[in-house]
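Engineer: The structure's right below; bear with me while I get my questions together.
The values are calculated or read from the model by the stated rules, or taken from the named source; none is laboratory data. Keep in mind that this is a model prediction, so the values were computed, not measured. All Cβ positions, glycine included, derive from the backbone under ideal geometry; neighbour counts span all protein chains shown. Just so you know, the surface numbers come from the protein's heavy atoms only, side chains and all, with ligands and any DNA or RNA stripped out. Shrake-Rupley method; radii C 1.70, N 1.55, O 1.52, S 1.80 Å.
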Amino acid sequence: MPSRKFADGEVVMGRWPGSVLYYEVQVTSYDDVAHLYTVKYKDGTELALKESDIRSQSSFKPRKSQSSSSSPSRRSNTRSRSRSRSPGRPARGRRRSASQSREHKDDKKKTIQETALALPVLVLFKPSENNTKRYNGEPESTEKNDTSCIILEQKLKPDLEIKRVLEQYSLRPRKDDRKKEEIYSEKKTFVAVKPVEKAPTKTKDLEFGGRIGTFMMILFLPVTVLYLLSMCKQDDPSLLNFPPLPALESLWEWRVFGIFLLWFFLQAVFHLLPIGKVVEGLPLSNGRKLQYRINGFYAFILTAAAVGVLLYFQFELHYLYDHFVQFAVSAAAFSLALSIYLYVRSLKAPEEELAPGGNSGYFIYDFFTGHELNPRIGSFDLKFFCELRPGLIGWVVINLAMLLAEMKIHNLSVPSLSMILVNSFQFLYVVDALWNEEAVLTTMDITHDGFGFMLAFGDLVWVPFVYSLQAFYLVGHPTTITWPVAAAITVLNCIGYYIFRSANSQKNNFRRNPADPKLANLKFIPTATGKGLLVTGWWGFVRHPNYLGDIIMALAWSLPCGFNHILPYFYVIYFICLLVHREARDEHHCKQKYGLAWERYCQRVPYRIFPYIY
């Protein structure tokens, strides 16, 4: 097949973003990488459109009305009545007048259709003070009739628009209601054409170093976790002081694996409880919206109650500390088995349910990134469940176990100030994620990435066992800090949390309901997909303010561990590398998705994560 369908300079019909209306545009260029056409409207506006949003002009030729194709008997009866009224009229004259009458009807219908199609263009691009100020970055006017509202009106009420056209241009339809209805329905059919979304194509841009890179990550991610945990167990956790290789039999214990399985399925039971609201996710490529039950915070409360019962009956929770490496190995083995199951079941999934980033056709790559977008067992969404439940709630339980282990090993009546800070900061982070669980539905993990080894290992192993590295480190390497230092670290964490939460809330609320009056002060750049790119608030400060907040909090979590060793700061280094990779990935994805609008956004917001630095 040819790589493109429309040539440069070709005049076609392009769909206006966010509506079902098509207008005459001229193709100016084509992006082979993003597969987007740059088109120019009659008023000079340029947008990047997908090929599915462009139609040839021939497909918009109006069909003849059914009234003009009446039966021969009807035409014969009409001529007979005409002859009876004017017997002396020449036959030739009658034929000429009948032909002229039909031409007059066709011209009139054509005028109705053309003017009805042309008028929305004038309305949509009518400049107003509000629009001018919005795009120039000046303070927004209080006027309500901005472009987005007009587009929404055209999309929801095309019937009123056609009626207004007929009245404005004094085009009176025939008194025959039947003919009027035929022209009206023909116009609706002509305008309200919504292209069918194409099925996902093969993934061409491979991330993480392609097949070789993903294969190496499958091998080295478990090794990295084992190395970090073994380092924390040493008296001298220097980077050059490599720990001895553990015996294989010391890495596995069936009792530990059984406890992990019990934990996983207990969280699954909490997730299936009919408590909490049910919400819809973002539309999929086929337009369908999946439903999700939001009850993560309730699951956290039930888990806290269960842990409280265990402590009441004097269950030794520091058992987690004593067998921490074995728990990590058990979680890694389970995540590998889960990944194999996910890939095998994805081979039978319909193509429209495959992940856009994990459909390369290469086994290793698709196994790592995830082949199926939303694998479900009935209504139980495996990816959504693993995203926050077993690993994130398990992170808090592990931190609590480390706190109790510190008190027992060092004979403390109360935990150290450093341990209290680490537990408090990370407890706040987890509770915030569970309280705002609905916001995860707009992240790339849910909307773009498939569920494979990358997310399974990350959710079940990396999050609970690497994110708790500071608490695990403090058990064997206690660090004393003063109250002023603790206060300064607390302020730093609060700043990072405020940036992280407010930025994510702005993005999530705007994606779900851009017309919310609470967001009226936010300015945005419209895109060809119908969505907008925020250029005010935190998203006008840097392109990824949520990543900035994440890095500040990660630093605050590591500072209570002191500066004797760099090991507690592995999380900060990892987090910076991870977010820089994600930022580059987001940049590539957004450039493909939004085209010229993303370039305008990058010019408006030049800094990516760190203001005035990067």
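Engineer: Return the pairs, sorted by first residue and then second, in which the second residue is hydroxyl-bearing (Ser, Thr, Tyr) and open to solvent by less than 70 Å² (accessible area, probe 1.4 Å), the first residue lies in the stretch 588-614 and is at pLDDT 75 or above, the beta carbons are less than 6 Å apart, and the residues are 6+ apart or on different chains.
Structural biologist: Taking only residues 6 or more apart or on different chains, the pairs are TYR594/THR527; ALA597/THR527; ILE609/TYR547.
Engineer: Right, something else. Please give the helices (runs of 4 or more DSSP H) falling wholly within the stretch 251-364 in which 1 or more residues are open to solvent by 80 Å² or more (accessible area, probe 1.4 Å), free of Cβ contacts under 8 Å to residues at least 40 places away in the same chain and not charged (D, E, K, R).
Structural biologist: Numbers: elements: 254-272, 296-312, 319-322, 324-346.
Filter on the stretch 251-364 gives 254-272, 296-312, 324-346.
Engineer: Can you give me the number of residues within the stretch 19-35 that are open to solvent by less than 30 Å² (accessible area, probe 1.4 Å) and modelled with pLDDT under 80?
Structural biologist: The initial filter retains those residues of the stretch 19-35 that are open to solvent by less than 30 Å² (accessible area, probe 1.4 Å), namely 19-23, 25, 27, 34.
Okay, now just the ones that are also modelled with pLDDT under 80, so 19-20, 34.
Within the stretch 19-35, residues that are open to solvent by less than 30 Å² (accessible area, probe 1.4 Å) and modelled with pLDDT under 80 number 3.
Condition check ((1) open to solvent by less than 20 Å² (accessible area, probe 1.4 Å); (2) over 22 Å from the mean Cα position of the chain (by Cα); (3) closer than 23 Å to ASN286 by Cβ; (4) not assigned by the TED database to the domain that holds LEU441) across all residues:
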{"residue": "HIS371", "(1), (2), (3), (4)": "no, no, yes, no"}
{"residue": "ASP381", "(1), (2), (3), (4)": "yes, no, yes, no"}
{"residue": "TRP395", "(1), (2), (3), (4)": "yes, yes, no, no"}
{"residue": "ILE398", "(1), (2), (3), (4)": "yes, yes, no, no"}
{"residue": "GLN426", "(1), (2), (3), (4)": "yes, yes, no, no"}
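Engineer: List the pairs whose first member sits in the stretch 49-68 and is surrounded by 11 or more Cβ atoms within 10 Å (Cβ to Cβ), whose second member is modelled with pLDDT under 75 and among the hydroxyl-bearing types (Ser, Thr, Tyr), and whose Cβ atoms are under 9 Å apart, counting only residues at least 6 apart or on separate chains?
Structural biologist: LYS50/THR529
Engineer: Can you name the residue in the stretch 198-217 that is β-branched (Val, Ile, Thr) and out of contact with any Phe, Trp or Tyr (no Cβ under 6 Å at 6 or more places or on another chain) and, of all such residues, is modelled with the lowest pLDDT? Spell out how you get there, then give the answer.
Structural biologist: At the first step, the residues of the stretch 198-217 found to be β-branched (Val, Ile, Thr) are 201, 203, 212, 214.
Then keep just the ones that are out of contact with any Phe, Trp or Tyr (no Cβ under 6 Å at 6 or more places or on another chain); that gives 201, 203, 212.
Details: THR201: 64, THR203: 73, ILE212: 93.
Restricting to residues being β-branched (Val, Ile, Thr) and out of contact with any Phe, Trp or Tyr (no Cβ under 6 Å at 6 or more places or on another chain), the top hit is THR201.
Engineer: With respect to MET444, is the statement that it is surrounded by fewer than 17 Cβ atoms within 10 Å (Cβ to Cβ) and in contact (Cβ under 8 Å) with a residue 12 or more places away in the chain true? Break it down stepwise before answering.
Structural biologist: Working: surrounded by fewer than 17 Cβ atoms within 10 Å (Cβ to Cβ): yes; in contact (Cβ under 8 Å) with a residue 12 or more places away in the chain: yes.
So MET444 passes the test.
Engineer: Applying the selection to the stretch 566-614, what residues are in contact with a Ser or Thr (Cβ under 6 Å, 6 or more places away or on another chain), over 30 Å from PHE472 (Cα atoms) and among the hydrophobic types (A, V, I, L, M, F, W, C)?
Structural biologist: ALA597
Engineer: Could you tell me how many of the residues in the stretch 601-614 are under 29 Å from GLY358 (Cα atoms) and either open to solvent by 50 Å² or more (accessible area, probe 1.4 Å) or small (Gly, Ala, Ser) (or both)?
Structural biologist: 1
Engineer: Output yes when any residue across the stretch 512-524 is in a helix (DSSP H, G or I) and touching a residue at least 40 places away in the same chain (Cβ under 8 Å), and no when none is.
Structural biologist: Within the stretch 512-524, the subset in a helix (DSSP H, G or I) is 512, 517-519.
So of that shortlist, the ones also touching a residue at least 40 places away in the same chain (Cβ under 8 Å) come out as 512.
So far as the stretch 512-524 goes, yes, one or more of its residues are in a helix (DSSP H, G or I) and touching a residue at least 40 places away in the same chain (Cβ under 8 Å).
Engineer: If you take the residues in the stretch 283-307 that are of a type in the set (Gly, Ala, Ser) and over 22 Å from LEU272 (Cβ atoms), which one is modelled with the lowest pLDDT? Before the answer, list the steps.
Structural biologist: First, the residues of the stretch 283-307 that are of a type in the set (Gly, Ala, Ser): 285, 287, 296, 299, 304-306.
Of the ones still in play, those that are also over 22 Å from LEU272 (Cβ atoms) are 285, 287.
Numbers: SER285: 77, GLY287: 80.
The extreme case among them is SER285.
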